[in-house]
Amino acid sequence: MDERKRPPAMLFYGTILIAVGATVMYHLVQKGIPPTAHPLLTMALVYAVAMLLCLALIPLFPLRLGLADSLRQVNWATFALAVAVTGIEVGFLLAYRAGWPISLGGLVVNIAATSLLIPLGILLFRDRLSLTQVLGLLLCVVGLVLVNRR
């Protein structure tokens, strides 16, 4: 990232800490959903509560435009994200029910997804990787193979 465009360190690292903390909570709570609970009904309730939380948090991130104008800025990506997030949620819930250990499920998914996102980022968004980052990726791939060996 260009140093001139980088946000303050607290914002830059704070946002990642929120995501990391929420991800850890996500996996712990996913593992705690009873195996007898219907997976799709469970996710529907999760999203109903999430919607209420998002609506309640809007005052912390006020709309710059009116509601109608803000809604007009929504495009296809919002709906595609809904499909992707549903796949993530149901995928993890079913993976944990299928016996994936919490210590490996998230790791395997994140390393595999990152391995796919790197070439996509380069092709679609012109991301650039340093030699050090490429070596780090290769270590992750080797690690992915090793943690999945039985």
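Miscellaneous remarks
- Number of residues in the stretch 9-36 that are in a loop (DSSP other than H, G, I, E, B) and either surrounded by 11 or more Cβ atoms within 10 Å (Cβ to Cβ) or touching a Cys at 6+ places or on another chain (Cβ under 9 Å) (or both) equals 1.
- Test: residue in the stretch 61-77 that is out of contact with any Gly (no Cβ under 7 Å at 6 or more places or on another chain), closer than 30 Å to Leu129 by Cα and not in a loop (DSSP other than H, G, I, E, B): yes
- With respect to the conditions (1) surrounded by 10 or more Cβ atoms within 10 Å (Cβ to Cβ); (2) modelled with pLDDT of 90 or more; (3) touching a helix residue (DSSP H, G or I) at 6+ places or on another chain (Cβ under 7 Å); (4) more than 24 Å from Val141 (Cβ to Cβ), Arg6 lacks only one, and its number is (2).
- Exclusive hit being within 30 Å of Val46 (Cβ to Cβ), surrounded by 11 or more Cβ atoms within 10 Å (Cβ to Cβ) and at pLDDT below 90, set Ser115, Ser103: Ser115
- Residue satisfying all of: in the stretch 81-118; in a loop (DSSP other than H, G, I, E, B) and of a type in the set (A, V, I, L, M, F, W, C); nearest to Pro39 (Cα to Cα) among these: Ala98
- Set side by side, the residues Leu45, Leu40 differ, and just one is in contact (Cβ under 8 Å) with a residue 40 or more places away in the chain and surrounded by 10 or more Cβ atoms within 10 Å (Cβ to Cβ), which is Leu40.
- Residues being at pLDDT below 95 and under 29 Å from Gly32 (Cα atoms) are represented in the stretch 119-140 by at least one member.
- Ala56 being at pLDDT 95 or above and exposed (fewer than 10 other Cβ atoms within 10 Å of the Cβ): yes
The values are calculated or read from the model by the stated rules, or taken from the named source; none is laboratory data. Small disclaimer: the values here were computed from a predicted structure and weren't measured. All Cβ positions, even for glycine, are placed from backbone atoms using ideal geometry, and neighbour counts span all protein chains on display.
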